[in-house]
Structures are given as C-alpha cells and as structure tokens.
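Quick notes on the structure that follows.
The values are calculated or read from the model by the stated rules, or taken from the named source; none is laboratory data. This one's a predicted model, so the numbers in the text were calculated from it and none came from an experiment. Because the Cβ atoms are built from the backbone with ideal geometry, glycine has one as well, and the counts that use them run over all protein chains shown.
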Amino acid sequence: MGIPVKLQVFEGPLDLLLHLIDKNKIDIYDIPIVEITNQYMEYIRAMDKEDLNVMSEFLLMAATLLDIKCRMLLPKEVNDEGEEEDPRAELVEQLLQYKMYKYMAYELKDRQVDGERMMFKTPTLPKAVLEYCEPVDMDLLLGDLTLSKLNSIFEEVMRRQEDKVDRVRSKFGRIEKEEVTLPEKMDYVEKYAGSHKTFSFRQLLVEQKTKLHVIVTFLAVLEMMKTGMLQIEQEDTFGEIMITSLVA
C-alpha cells in the first residue's frame, strides 16, 4: 500500500507556476521553460482528477507550456521591427499581472482583518446637549454694518464678476456640432437616387451643406454599393463618376 501524499492546493495554473518559480528561485523574466514544464506536469499527474472544470484549466496551461517548449527549440521569430520574439513573453506578462492582483488581494485581506479589530463607542451625549445651538447676538454680529455698506459690497462684487468676462469672446455665438448619421444619409441618397435614377457623384456631393455631410454621403454611397443598391461607372480614367440606382 502506497504512502498517501497531500498536495498543496493552488487557486489556478498561474498560482502553481508562481509557486514553482518561487520554489526554484527563478527569475520570472528568464524562465527555464523545460524545467518548469517538467515540474508542472509532475503536479498534474498527481492531481485529483474528479473536478473536470479545475482540471481543464491546468491541462490548458500544460498545453501552453508544451507549445512554448516546442517554440523554444525552433529558430526565434522576428517581428516587424527586426527584434527577436521570446515565446515566453505572453506567459511572463500573465504571471506578472496575476502576481500583482494576488498581492493586492493580500493587502485588502490584511486591511479587512485590521478593520475587524477596531471598536466604535456608541455616542452617549444627552439629547439636550446634541440639540443645543449657541444663541446668536445679531447686534454683535452686524456691528456697524448698514444697508449702504451692504450695497457697496454687492456692487464691488458685481464689478469683479464683470471684469472676469472677456468682452470680445462673450459676444461670440455658440457653435453647435452638426450631427448627421450614416442611416439618415443612406435614406437621403436612396430618395435622391429614386428621383434622379442616374446622376454624377460630383453633383451629389455639391448639393451637400457641410464637409461632414460630404464625408457621410461618401460613406453612404460606399455602403449602398456594397449592398447592391447603387452601381458606379466611370468611362475614362479622369472622367465623371456616374451613379445608377438599382432599386426598383
């Protein structure tokens, strides 16, 4: 009869990988993928395989490690900037993010424990004391303040507010952003094509009010070409672009 061995329970495959990295005192930016993969597979073989959901997560990471292991044996790939790509880079990024979240969880847990140790005393002040308001002596508060002084203070404050106003820009009108949507412009082009049947692309754009309308009209024509509602023809290279409606 074999000796039962109790395995440490990990929250997921990344948790197991971090444990192996810390256990072997490995630089997380230079993981010996062959050694880590072998140790990881040993743990997988000894795992309790009853929970398939948990097991599938560990098996997926095992497949990822094996894939990285194979790519490490091949010539390194070069990106568009001419730099060699490390097959371990994505895994390292995942491990760093998981490690950060794990430490943040530990910090929150410590704060929760510290918070549970705090005790708060229920207020015991009499209701009469809580409701007490110190009386205000209006004569003492106003002193020698008169209505004329209040009026002068008010006028001074209003003058300061007027000085803050840009007398040139304050007279400018407000420029409202003109909103025009692609569906609205498609409806417009469809109605335009229904009344003209065949027309030039230049003629359609000239009738638009603003640059925004021109851009959205152009997008509407492209979308209606794609859906087969319009047909575009140009006889010469620099000739007029003619649009024909295909909608009956």
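Annotations
- Among the residues of segment 22-32, the ones that are out of contact with any Leu (no Cβ under 7 Å at 6 or more places or on another chain) and either β-branched (Val, Ile, Thr) or outside any loop (DSSP other than H, G, I, E, B) (or both) come to 4 in all.
- Considering residues of segment 34-47 that are surrounded by fewer than 12 Cβ atoms within 10 Å (Cβ to Cβ) and without any contact (Cβ under 8 Å) to a residue 24 or more places away in the chain only, the residue farthest from LYS99 (Cα to Cα): ARG45
- For segment 48-57, the count of residues that are in contact with a helix residue (DSSP H, G or I) (Cβ under 7 Å, 6 or more places away or on another chain), of a type in the set (Lys, Arg) and modelled with pLDDT under 80 is at least one.
- Selected residue (only one of LEU74, LEU96, LEU59, LEU91 is surrounded by fewer than 11 Cβ atoms within 10 Å (Cβ to Cβ) and in the same structural domain as ILE21 (by TED's automatic domain parsing)): LEU74
- Long-range neighbours under 6 Å by Cβ, at least six apart or interchain, first residue of a type in the set (A, V, I, L, M) within segment 17-33, second part of a loop (DSSP other than H, G, I, E, B): ILE21/ILE28; ILE31/ARG88
- One residue alone among ILE232, ILE153 is of a type outside the set (Phe, Trp, Tyr) and either at pLDDT 70 or above or not in a helix (DSSP H, G or I) (or both), and that residue is ILE232.
- Test: residue in segment 206-214 that is in a helix (DSSP H, G or I) and either at pLDDT 85 or above or loosely packed, with under 11 Cβ neighbours inside 10 Å (or both): yes
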